[in-house]
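A quick write-up on the structure given underneath.
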Amino acid sequence: MSYKKNEDLDSGPGGAVMDKMTVFQDCIAGFNASPIQPRKCRILLTKLTYLLSTGDTFARDESTRLFFSITKLFQHKDVALRQMVYLVIKELATVADDVIMVTSSIMKDTTVGSDVVYRPNAIRTLARIIDASTIQAIERLIKTAIVDKHPIVSSAALISSYHLLPVSRDVVRRWVNETQDTVLAQKVYPQAAYGGSAGGLGIGPGPAPSFMTQYHALGLLYQLRSHDRMALIKMIQQLANTGSALKSPAAVVMLIRFVARAIDEDRNMRRPLYALLEGWLKHKSDMVNFEAAKTILEMRDSTDAEVTPAINVLQLFLSSPRFVSRFAAIRILNRFAMIRPQNVNVCNIDIEALINDPNRSIATYAITTLLKTGNEASVDRLMKQITGFMNDISDEFKIIVVDAIRSLCLKFPSKQASMLSFLSGVLRDEGGYDFKRAVIEAMFDLIKFVPDSKEDALAYLCEFIEDCEFTKLAVRILHLLGEEGPSTAHPTKYIRYIYNRVVLENAIVRAAAVTALSKFSLIDDASVQDSVKVLLTRCLDDPDDEVRDRAAMALRLSATEKPVAKEYLSPDSIPSLGALEQQLILYVTGGPDAASVAFDISSVPFISKDQVDADQFRAKTMATLPILGGSSIDSGSGAVSGGVTPSKSPAHNGEESTQKYAAALAKIPELQAFGAVIHSSRAVPLTESETEYVITGIKHLYKEHLVLQFDVQNTLPDTVLEDVSVIASANETDEFVEEFIIAIPRLIQESTGTIYVAFTRPTGEESAYEGAVFSNTLRFTSKEIDPTTGEPEEDGYEDEYQVEDIEIGVADYLVPTYVGNFQHMWDQLSFETSETYSLAGVGSLSEACSSVIDSLSMQPLEGSDTPLQSATHVMKLFARTLQGSKVVALVRMAYSAKTGVTLKISARAEDERVAQMVVAGIA
């Protein structure tokens, strides 16, 4: 990396190096000069714009001086100068003072009789300097501009209305009729309004007619009606049924995105709105065809009949002569093939023709799509085509291809030899860290899920680390060799490769090599153990202390009994690092009394290797998938965003939630006698976000106690709350006995405080899983602030505020836990019970899975939280109770459009009451 300063980056227009203060002084002098020199002022304004756009800022007093100096340029009628004036005023309006004073000067250029060149700039600038108190003064002006016959003026008014929405939404909502008229009006932008030639000069054919004003008006109309779902549905149907009313393809695309959101929010509207999407597949604009096809393929639980028309349209675009059309079509098909490859098989012939496309991006998507949709017989042929193709693409596209091959390896294990040979070949090619890591991850998955490939894959990895330039990759491979090498048929051949790293590499790699080498001492072969001891003894002379310490520990453990050595060298589970760090901090900062007691490692949750591997594999798999269904529209622009985001497992979510509150709870003296918190729930809103008191509740379960945490935010202006507490009482049970309340002494305006209410919870065998519903009432003394003194009044009044109930249920007594073999755990547990339910208001199997997981707080296993079919699904769940008892559940689901989701849940547990509690938890 070069640290040489690039003078060109600091140079402004014309290549001259600009100083902020010099420009500021020149501007003040130039703008106040008499007479005004338009050309010189334009140059100064250009320099000022450049400084502002590159991140330079002026102090508020300097910005104010510049702002009012620029306003003097309104005296000159030069068109170019006036446009620059408006451009700079917009930039300075947010940092200068008293900008409202220039309103009258700007409004002169916004009147109907003024030059059409001035009006759009003046309207956009006016919207930036206006505030809520003066917006009504320009309301008539904006409404007139929205329906103006000039599309540029109309677009400027519509876009300005976007910026005025946060200022005064109620006023802007009154412009809905003018906005709707503009949506239906077919205003052509000037470039196509002069006889179809460039600028009307007869130079040649001009661009196609542009109706961009419709796009701007439709976006604003959506913002004005976003609070009324029925009005939105009516707007969509009205605009879709008016035939050719929307001339702008961009406006039609936006309307399709509104349809996508409406389908996602209300499944009852799916059938009529799908008919609209199918009609847009035949639109004359390519961008509309693509958006409609993409929306259909992204619908949740779409049927084969629904997606077939969209796939047929995209198949036609695969043979388009335009690069962009072929790219868009293959990209959409590629994303859909990740979820439902069987539906894309019909396009394979056309996709194969794109493998040799001159555009490498299109060819890459074509190959990865074929890898997902191809059958076992076509694997060898695809491997040959890809081998020569890899040298012509960048690392980013190579990673996409490798990820596709990784999925194919797991799909067709019998073809692992050819695919492994391909992966080893590209591993020897040139490439960056991300590309090499993707290849190694693919080989790791082969070793884990295709056992027949282990020997060959380990051999390829041993060759790779001989010349590996990336420390992280070398460490990962050495760790894998230590885990898998001792269990192979010939473990001694890996010892040489590992010890070579001790001799030739840096300290980090040497330390990893020593750890890997130590695991070979667990082999039941005396000669191997003696050889490993000799090599570890040599490592005691290493210059790095970490390497020496690891070698010394390995030698010490090799002299102990094998079970003890295995527990340390190759444990079956590892502590949660976040929880371990938190507990160590509490132990170290606990004072002399805490140090007198040995650290309790049992307070740290442990994670099994199977769970770690499964979470890593899930993250890698989910990272390559798009979100098909569940798109969202950005409230500001109307744009739809989508894509699959890797989600953490419920086990990790529960663990992180507990860790989040553990430190704060441990510092409260009244709660220290309860011991360590076992489980904390997620924060649940108990009031609406717009109310005067915003309250959220969290449940903390201890061994013998329950603590309810209430976070209270006072949103009332000029009001102070004192002695703030919550009266919580369990309905229909007396098993929970209140011990104390930790109240908030004082809660000032716009601040948040925390209340704790502690209960002794039942712990007997008959009531250990007792459920309860707590009704909660907020009590406080309200005092208004005296505006003259700024202090609260002495006499306040006591008040109460009822908030939502908090329920203690099955999810609070279960901790989601991972287990590697579901069937083994199912056969191991004896007590079983089952029940059948009908879930009302659930429109798909995906929603049913999420609802069951949230209700039971159990860990889904074997990827069963993601249904692969739309009609039936089986979900496998596992958890432990707070006392450590195991419980496993099998949930069979069936979906029908008429009856919704029907499910049968069967649960097995070590304790019959736990199984009954889980089965009843869905009700």
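The values are calculated or read from the model by the stated rules, or taken from the named source; none is laboratory data. Computed from a predicted model, the values in this text were never measured in an experiment. Note that each Cβ is placed from the backbone with ideal geometry, even for glycine, and that neighbours are counted across all protein chains shown.
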Notebook entry, point to check: Has segment 807-828 got at least one residue that is in a strand (DSSP E or B), of a type outside the set (Lys, Arg), closer than 21 Å to Ile744 by Cα and touching a Pro at 6+ places or on another chain (Cβ under 9 Å)?
Noted result: no
Matching residues in segment 727-741 (over 20 Å from Gly771 (Cα atoms) and aliphatic (A, V, I, L, M)) number 1
With the first residue restricted to segment 120-149 and required to be without any contact (Cβ under 8 Å) to a residue 60 or more places away in the chain, and the second required to be among the charged types (D, E, K, R) and loosely packed, with under 15 Cβ neighbours inside 10 Å, Cβ contacts under 9 Å at 6 or more apart or on different chains are Ala122/Lys108; Glu139/Arg174; Lys143/Arg174; Val147/Asp181
When every residue in segment 133-149 that is surrounded by 13 or more Cβ atoms within 10 Å (Cβ to Cβ) and in a loop (DSSP other than H, G, I, E, B) is compared, the one modelled with the lowest pLDDT is Thr134
Listed by first then second residue, the pairs whose first member lies in segment 318-336 and is part of a loop (DSSP other than H, G, I, E, B), whose partner is β-branched (Val, Ile, Thr), with beta carbons under 8 Å and at least 6 positions apart or on separate chains, are Leu318/Ile330; Leu318/Ile351
Selection from segment 695-719 of residues in a strand (DSSP E or B), in contact with an Asp or Glu (Cβ under 8 Å, 6 or more places away or on another chain) and either modelled with pLDDT under 85 or of a type in the set (Val, Ile, Thr) (or both) yields Ile695, Thr696, Ile698, Thr719
Selection status of Thr899, touching a Leu at 6+ places or on another chain (Cβ under 9 Å), of a type outside the set (A, V, I, L, M) and not assigned by TED's automatic domain parsing to the domain that holds Ile263: no
Report yes if Arg556 is in contact with an Asp or Glu (Cβ under 6 Å, 6 or more places away or on another chain), over 20 Å from Glu466 (Cβ atoms) and assigned to a helix (DSSP H, G or I), otherwise no. no
| Does segment 284-305 contain at least one residue that is polar (S, T, N, Q), touching a helix residue (DSSP H, G or I) at 6+ places or on another chain (Cβ under 8 Å) and over 22 Å from Ala897 (Cβ atoms)? | yes
Of the listed residues (Ala772, Ala758), the one being touching a residue at least 60 places away in the same chain (Cβ under 8 Å), buried (at least 18 other Cβ atoms within 10 Å of the Cβ) and outside the structural domain of Gln916 (by TED's automatic domain parsing) is Ala758
When every residue in segment 719-755 that is of a type in the set (S, T, N, Q) and free of Cβ contacts under 8 Å to residues at least 40 places away in the same chain is compared, the one nearest to Pro787 (Cα to Cα) is Gln749
From the option list Arg257, Arg271, single residue qualifying as out of contact with any helix residue (DSSP H, G or I) (no Cβ under 7 Å at 6 or more places or on another chain), part of a helix (DSSP H, G or I) and surrounded by 15 or more Cβ atoms within 10 Å (Cβ to Cβ) is Arg257
Counting only residues in segment 404-422 that are in contact (Cβ under 8 Å) with a residue 24 or more places away in the chain and within 31 Å of the chain's Cα centre (by Cα), the one farthest from Ala366 (Cα to Cα) is identified as Leu410
Would you mind stating whether Leu314 is within 28 Å of Ser210 (Cβ to Cβ) and part of a helix (DSSP H, G or I)?
yes
